[in-house]
Amino acid sequence: MLETKKVFQIISVLLHPIFIPCIIAGLFLFGVNEAPWLDAKARWSLFSLISTITTLMPISCLLIMQRFGVVKSPQMHQREERAFALSIMIISLAILCYLLIVKINVSTALSISFCSVTITLIIANIANFVDKISLHSIGLSGLIGILFYFIREAEAEPNIVLFDAFGISIILLGVVMTARLYLQAHTFYQIIIGALLGVFSGFGGAIISAYYLQHHTLI
């Protein structure tokens, strides 16, 4: 019984939504081979930049907030604490989107993906004021929505890596939903609503982002 709980706790940490941007960056830079003109060093530099802005910066901010008592626990059981964390992640992703679109401008797919993630987190933050929706469900299902967009929009046959990532993401979503239910972190309703919000936000956010980038920034 105890061992099962530990396994699900580890799963919850490894599949935390804060790691979704790194997964997206790794998938497109090293799996799909987005922006093929970039050499290995440039890809790792871009991956490091994305990881620093979307993962290390938010975690550092949350640790500082915990040190000063703004956040009581890394698990952020209270909705107010989750709102702080989501706001930090949204700001970090907005900075990244600006850099990718305006300053770096090497990958349309990454720009669309991270704009979509930003939109998904904004919706998640709004939903958080209504109920304690599962952020784990929103994170992985948002990734599923984004992957579905790229598979659907592929002019030629979609990259097999996208299909593999799409299938694996669905399996991982089921695993993390089971883990959150087992740990009693959320109700079944909160898990399902989180999954639905994530899928529609990820897919819809990708459509909106692609339209905006094509008609306003011309990338």
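Yes or no, residue by residue, for (1) at pLDDT below 90; (2) open to solvent by 30 Å² or more (accessible area, probe 1.4 Å); (3) within 20 Å of LEU143 (Cα to Cα); (4) not in a helix (DSSP H, G or I):
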position	(1), (2), (3), (4)
GLU3	yes, yes, no, no
PRO21	no, no, yes, no
ILE24	no, no, yes, no
LEU29	no, no, yes, no
PRO36	yes, yes, no, yes
ALA42	no, yes, no, no
Of residues in the range 171-182 being surrounded by 13 or more Cβ atoms within 10 Å (Cβ to Cβ) and without any contact (Cβ under 8 Å) to a residue 60 or more places away in the chain, the one nearest to GLY139 (Cα to Cα)
LEU173
Of all residues being open to solvent by 40 Å² or more (accessible area, probe 1.4 Å) and among the aromatic types (Phe, Trp, Tyr) in the range 144-165, which is modelled with the lowest pLDDT? Just the residue, please.
PHE163
Sole exception among (1) open to solvent by 20 Å² or more (accessible area, probe 1.4 Å); (2) in contact with a helix residue (DSSP H, G or I) (Cβ under 9 Å, 6 or more places away or on another chain); (3) among the hydrophobic types (A, V, I, L, M, F, W, C) for ILE168, by number:
(2)
Does LEU46 fit the bill of being in contact (Cβ under 8 Å) with a residue 12 or more places away in the chain, open to solvent by less than 80 Å² (accessible area, probe 1.4 Å) and over 20 Å from the mean Cα position of the chain (by Cα)?
no
The range 191-214: number of residues that are surrounded by 15 or more Cβ atoms within 10 Å (Cβ to Cβ) and either charged (D, E, K, R) or more than 18 Å from the chain's Cα centre (by Cα) (or both):
1
Testing SER116 on (1) open to solvent by 10 Å² or more (accessible area, probe 1.4 Å); (2) hydroxyl-bearing (Ser, Thr, Tyr); (3) out of contact with any Leu (no Cβ under 9 Å at 6 or more places or on another chain), one condition comes back false. Which one is that?
(1)
State the number of residues belonging to the range 124-147 that are in a helix (DSSP H, G or I) and either of a type in the set (S, T, N, Q) or under 17 Å from TYR189 (Cβ atoms) (or both).
9
Unique match (being closer than 19 Å to VAL13 by Cβ, at pLDDT below 95 and either polar (S, T, N, Q) or open to solvent by less than 30 Å² (accessible area, probe 1.4 Å) (or both)) among SER134, SER141:
SER134
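The values are calculated or read from the model by the stated rules, or taken from the named source; none is laboratory data. Every value quoted in this text rests on a predicted model; they were computed, and no experiment measured them. So basically every Cβ, Gly included, is an ideal-geometry build from the backbone, and we count neighbours across all protein chains shown. All accessible areas refer to the heavy atoms of the entire protein, side chains included, with ligands and DNA or RNA removed. Shrake-Rupley method; radii C 1.70, N 1.55, O 1.52, S 1.80 Å.
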